[in-house]
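Undergrad: Right, I'll just put the structure down here and ask away after.
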Amino acid sequence: MNFDLEKQAHSRKNILTGEWILVSPQRNLRPWQGKLEKPKLTNPEPYEPNCYLCPNNSRSNGQKNPDYKDTFVFTNDFPALIEVDNNYQSKIQNLLYSRAVSGECRVICFSSRHDLSLAEMDLLAILKVVDLWAQQAKELAKKYNWVQIFENKGEIVGCSNSHPHGQIWASDFLPNEVIKEELQQLRYFKLHKSPMLLDYLRLEQIQKQRIVSENEHWIVVVPYWAYWPFETLVLPKRHVLALPDLNKNERASLAEILKNLLTRYDNLFQTSFPYMSGWHAAPSNGKNNEHWQLHAHYYPPLLRSAKLQKFVASYEWLAQAQRDITAEQAAELLRECSIIHYKENL
Ligand code: H2U
Ligand code: ZN
């Protein structure tokens, strides 16, 4: 019997990780319960004397930031990874495995303005962030197998400072999530002689139900296997391995699609939308990585309002990831959001 994906419990496979997710739309047959809290009217200043990321301010180690105008990158003063040259010394004692790791951590300020987020920055300013991501990826790829560019936005995902910023952690090892994507994409490429995410993109263009936004060079979808309620995947329409490979037009249109997506996010619950996000590109391990396709993941924790967040529940840690609203429903809600930022009408 054919089951109805909009009404019945089912599982979907994340083709990037190979893992299954339980989808329970029957828990959600009640109409959309989204609730708009009154937008929080905080009025942050463009310059904050106590912020360690604002221009000319001192960081905790006493170093002074330059009088930067657009973006600024510096080595994280509390790095999680440190550069060492004893690569891959491993130690196995019975069941206890460990190995030495080497890496570098950097912080990227997206803007000198303390009061803006990427969604509120203009396209030229966002383009400067895109260019910096590409430049940093290129530089660190010469030295490390993996360059993880990411952003934690909002207090509920542990971001310590509202000054718009992201981070880069580069490492000599491929992290777990990357190994899963590597294996899945490689397996598909060997079988079909085509990059998996490009074939997936074509499918989304035909089905259309999960597209949030698209422009000449980019597409944003709520992936079929999304876990977070409003998770999205940002994909270039052409086969691209890494950020430095993007041409000028593709970078400008990336800035445009990011502003579009992040404005929709902010408008959904009229709040500065929190998320975890980052880029996945082909590893810089010197291998033939034609099976890879560059993409960005956005993982926002909010569920139904600016205050209601999804918690990772016991069943999920013990058994399997689970969601209620379907990816198609989430995509529709994001599609309905305006691309004019709500703060412009306050
Ligand atoms: P998050 O808020 O996204 O965690 O990033 C802040 C980073 O900035 C964090 O990794 C670093 C922290 O280590 N940092 C500095 O490098 N110097 C400072 O003076 C404060 C924070
Ligand atoms: Zn600041």
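Just so it is clear, none of the values below were taken in a lab; they were calculated from the coordinates. As the structure is a prediction and not an experimental result, all values here were calculated from the model. Cβ placement follows ideal geometry from the backbone for every residue including glycine, while neighbour counts extend to all protein chains displayed.
Undergrad: Under 25 Å between alpha carbons, and skipping anything fewer than 8 positions from residue 190 in its own chain: which lysines qualify?
TA: Hits, sequence-local ones excluded: 13, 180, 237, 287.
Undergrad: To continue, here is another question. Using unit Cβ charges (K, R positive; D, E negative) and no other charged atoms, how large, in debye to the nearest 20, is the dipole of the chain about its Cα centre?
TA: That gives a dipole near 580 debye.
Undergrad: Using the number of other C-beta atoms within 10 angstrom as an exposure proxy, rank 17, 75, 326, 232 with the fewest first.
TA: In increasing order of surrounding Cβ atoms, one gets 75, 17, 326, 232.
Undergrad: With Cβ to Cβ distances under 14 Å as the rule, what net charge do the other residues near residue 83 carry (K, R +1; D, E -1)?
TA: Cβ neighbours under 14 Å give a net charge of -1.
Undergrad: Just subtract the alpha-carbon distance of residue 115 and residue 190 from 0.36 nm times their residue separation and send over the number in nm, one decimal.
TA: Residue separation times 0.36 nm, minus the Cα-Cα distance, leaves 22.2 nm.
Undergrad: Quick one: 3J(HN,Hα) in Hz for the stretch 315-328, Karplus 6.51/-1.76/1.60 with θ = phi - 60°, rounded, Gly and Pro as x.
TA: My calculation for the stretch 315-328 gives 3, 5, 6, 8, 10, 7, 4, 8, 9, 9, 5, 7, 4, 5 Hz in order.
Undergrad: Under 14 Å between alpha carbons, and skipping anything fewer than 8 positions from residue 307 in its own chain: which aspartates and glutamates qualify?
TA: 37, 155, 266
Undergrad: Mind checking the full-extension length gain between residue 205 and residue 26? Use 0.36 nm per residue of separation minus the Cα-Cα distance, one decimal, nm.
TA: Full extension from residue 205 to residue 26 adds 61.7 nm.
Undergrad: Which is farthest toward the positive dipole end of the chain among 226, 111, 236, measuring Cα position about the Cα centre, with Cβ charges +1 (Lys, Arg) and -1 (Asp, Glu)?
TA: Of the listed residues, the answer is 226.
Undergrad: Lys/Arg Cβ at +1, Asp/Glu Cβ at -1, dipole of the stretch 10-345 taken about the Cα centre: which of 254, 173, 21 is farthest positive-ward?
TA: Farthest towards the positive pole: 21.
Undergrad: Search the structure for amide H atoms under 5 Å from the amide H of residue 309, placed 1.01 Å from N in the peptide plane, and list their residues when 5 or more places away or on another chain.
TA: Amide H to amide H, under 5 Å and 5 or more residues apart or across chains, residue 309 pairs with 303.
Undergrad: For residue 123 and residue 43, compute 0.36 nm times the residue count separating them, minus their Cα-Cα distance, and round to one decimal in nm.
TA: 26.6 nm
Undergrad: Here is a further query. Reachable aspartates and glutamates from residue 208, Cα under 19 Å, same-chain residues fewer than 8 places away excluded?
TA: Those aspartates and glutamates meeting the cut-off are 4, 6, 199, 216, 231, 328, 332, 336.
Undergrad: Under the rule that a partner needs its Cβ under 4.7 Å from the first Cβ, which Cys of the chain have none?
TA: 105, 109, 159, 337
Undergrad: Let me ask something additional. Suppose R0 equals 45 Å; then what is the FRET efficiency for residue 67 and residue 307 from their Cβ-Cβ distance, rounded to the nearest 0.05?
TA: Once rounded, the FRET efficiency stands at 0.75.
Undergrad: On to the next question. If you take the beta carbon distance between residue 77 and residue 285 as r and set R0 to 22 Å, what does 1/(1 + (r/R0)^6) give as a FRET efficiency, to the nearest 0.05?
TA: The formula returns an efficiency of 0.15 here.
Undergrad: Is any residue of the stretch 225-257 close enough, with backbone N under 12 Å, to a label point placed 7 angstrom from the Cα of residue 156 along the Cα-Cβ axis, and if so, which?
TA: Inside the label zone: 229-230.
Undergrad: May I pose another question? Please give the FRET efficiency for residue 335 paired with residue 238, using the beta carbon to beta carbon distance and R0 = 22 Å, rounded to the nearest 0.05.
TA: About 0.40, to the nearest 0.05.
Undergrad: Under the rule of at least 5 residues apart or a separate chain, name every residue whose amide H is placed under 5 Å from the amide H of residue 218.
TA: Counting only residues 5 or more places away or on other chains, the set is 237.
Undergrad: Tell me, what HN-Hα J-couplings in whole Hz come from the Karplus equation 6.51 cos²θ - 1.76 cosθ + 1.60 at θ = phi - 60° for each residue of the stretch 48-59, using x for Gly and Pro?
TA: 10, x, 8, 7, 7, 10, 5, x, 6, 8, 8, 8
Undergrad: If you don't mind, another one. Sticking with the crude label model, points 7 Å out along Cα→Cβ, report the distance from residue 101 to residue 58 in nm, one decimal please.
TA: About 3.3 nm, to one decimal.
Undergrad: Once you have a ≥ b ≥ c as the square roots of the Cα gyration tensor eigenvalues for the stretch 10-345, tell me rounded if a/c is under 1.5, and otherwise prolate or oblate according to whether a/b is larger than b/c.
TA: Taking the square roots of the gyration eigenvalues as a ≥ b ≥ c, the stretch 10-345 is rounded.
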